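See below for the structure under consideration.
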Amino acid sequence: MISSAHLPVSGVFHSFLDYVHTTLNLDPLVFVNFGLIVIGLIASLRSAGAIIYSYAEKTCLSTVHVEEDDPLYDDIIRWMNDHEFRHRNFLSVLAQTLNNSDSDNALIQSSPSKLDFDRLVSYREVDDKSFVELKPFHGSRLFRFKRTWILFDHATKSPEVTGRIPSVEGKSKLKLQCLSLSLSPIKKFLDEVRAYGCKVSVSSTTVYRTRHNSRDVVRWSSVTSRPSRDISTIILDKHKKQTILRDINEYLHPHTRQWYANHGIPYRRGYLFSGPPGTGKTSLASAIAGVFGLDIYVLSLLDPTMTEPQFIRLFSEVPTRCVVLLEDVDAAGLSRCDLVPSQDGTQPRSDAQFTMGAGRATPAGTSAISLSGLLNAIDGVSSHEGRILIMTTNVPQRLDRALIRPGRVDIHTRFGLPSQEELRNLFLSIYSDVFQNTAAPTGQENGQTEKLNELAGHFAGRLSEGRFSLAEVQGFLLRYKRQPDEACDNISSWVKEMEYN
């Protein structure tokens, strides 16, 4: 205990103590001593609690850690925001600016009869289309899931320091704990979270690309989630389109996987889309992912910062059901190098001694990927089964036969410059909703459809087959998004302009 006789006080503070002592007839230092006792007790309880918690983690607490790089991280955050955090108040939150379409809808409804694009609009005058949403950020939350209490702990690792320069940002992590000798309760929660994530994203496709972190380790990272593209918007020969869809549908069926296993065949499927630029190869890959509810993992052979071991590891880390898109494999000069005799003139130089460069063979040791490395990634020992590999190329004849042999490329689909029928379908696809903004009298819908078909035939007749790519024609039609008549009137002058250029 602290005695007032040994405590040096002076001035106002000494007068205050005398006043309290006179008024309350109590020694003020009693309260000081009591406060010190409380503080010491709290510190002791915290220390004891940490010891007990550490012991419980080793004996009776089931714990699951989830890193930010894992797709499950986003699913857990989404589930917690939608189920546990929505109707609660928190002191520590994360503010996010989200887009809202209310202002756009108000702008559209202000002139529902006619879209006047000749009138210039200052969008500073339009109400802000965004709003701020507050979400729980860091901390621990205890919640109940199916009669089990689960501790949700969200934290950020401290930034790493390299030399004197700190890394950009610490990486977030999640920890889930429950009082159980088994991981079964948390496993059920994670299954619920995953099912909810699939339900929410059923109409969207997530695109993953590679990203270097602060330690220069390449990982898969979600870059965007966009609405799934309707397969009907892909302009391609119906027979080719249906052949691909039927083959993938059969491949993804659970019985097919068992059939592959029974016959000792690796459960993989590869497709090669070849053709001139702008003919819809990448668009078809995106639509395929949307049709079958798969995510897309995009790899580039031209990434100068990616080493061959990293490339092989990334291929092995893709999930069992996804689309792996390897774009423009010819752009990097992916072909078997000419056989160069060795010094003794007996042995040709191995493919592994060359790597891909910008259209030429470069010495090994660079950051490019060799042909043998790519083949090993596609169907090597570490390659996962169940994925769909789609490779696109503009010049298929440049590819080595080892890359496109059966087993690595099972179906080769050739995309050509559009025919008259495909040009007509493109026109109908662009203007399929052109009359929805105009109120047509009852009974005239068929007349509008006939008019649109007539314009489509007129438009396609002005273009030569095999002359322009779908991307070029679509670029022209986008100038007249809602004026099919003007598109038909100006197509001849556009053709002359393209031929002149």
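No value in this document is a laboratory result; all are computed from the given coordinates. All figures in this text were calculated on a predicted structure; none of them were measured in a lab. Quick reminder, even Gly has a Cβ in these numbers, built from the backbone with ideal geometry, and neighbours come from all protein chains shown.
Gain on full extension, evaluated as 0.36 nm per residue between ARG401 and SER47 minus their Cα-Cα distance, stands at 120.7 nm.
Modelled label positions at SER432 and ASP191, each set 7 Å beyond Cα in the direction of Cβ, lie 3.9 nm from each other. A full extension of the chain between GLU57 and LEU151 corresponds to an added length of 32.6 nm, given 0.36 nm per residue minus the alpha carbon distance.
Where does each of LEU181, LEU463, LEU61 land when they are ranked from fewest to most other beta-carbon atoms within 10 angstrom? Before the final figure, lay out each step's value.
Details: LEU181 9, LEU463 20, LEU61 16.
In order of increasing Cβ crowding within 10 Å: LEU181, LEU61, LEU463.
Note: relative contact order over the range 235-329, using C-alpha pairs below 8 Å and six or more positions apart, is 25 percent.
Among PHE311, PHE143, which comes first, then next, by fewest other beta-carbon atoms within 10 Å? All intermediate terms of the calculation are to be shown ahead of the outcome.
Working: PHE311 24, PHE143 15.
In increasing order of surrounding Cβ atoms, one gets PHE143, PHE311.
Among residues other than ILE430 with Cβ under 14 Å from its Cβ, the summed charge is -2 (Lys and Arg +1, Asp and Glu -1). Counted by Cβ distance under 12 Å from ASP75, the other residues give a net charge of -2, where Lys and Arg count +1 and Asp and Glu count -1. Exceedance of the 29 Å cut-off in Cα-Cα distance is limited, within the set LYS187/LYS241; LYS58/LYS188; LYS199/LYS241; LYS146/LYS175, to LYS187/LYS241. Sites listed here are trypsin sites (Lys or Arg not before Pro) in the range 389-435 whose DSSP assignment is loop and whose Cβ has at most 13 other Cβ atoms within 10 Å: ARG401. Each of HIS458, HIS154, HIS65 has some number of other Cβ atoms within 10 Å of its Cβ, and from fewest to most they run HIS65, HIS458, HIS154. Counting 0.36 nm for each residue step from SER493 to SER204 and taking away their Cα separation leaves a gain of 100.1 nm. Contact order, relative form, for the range 420-500: 42 percent (alpha carbon pairs under 8 Å, 6 or more residues apart, mean separation divided by residue count).
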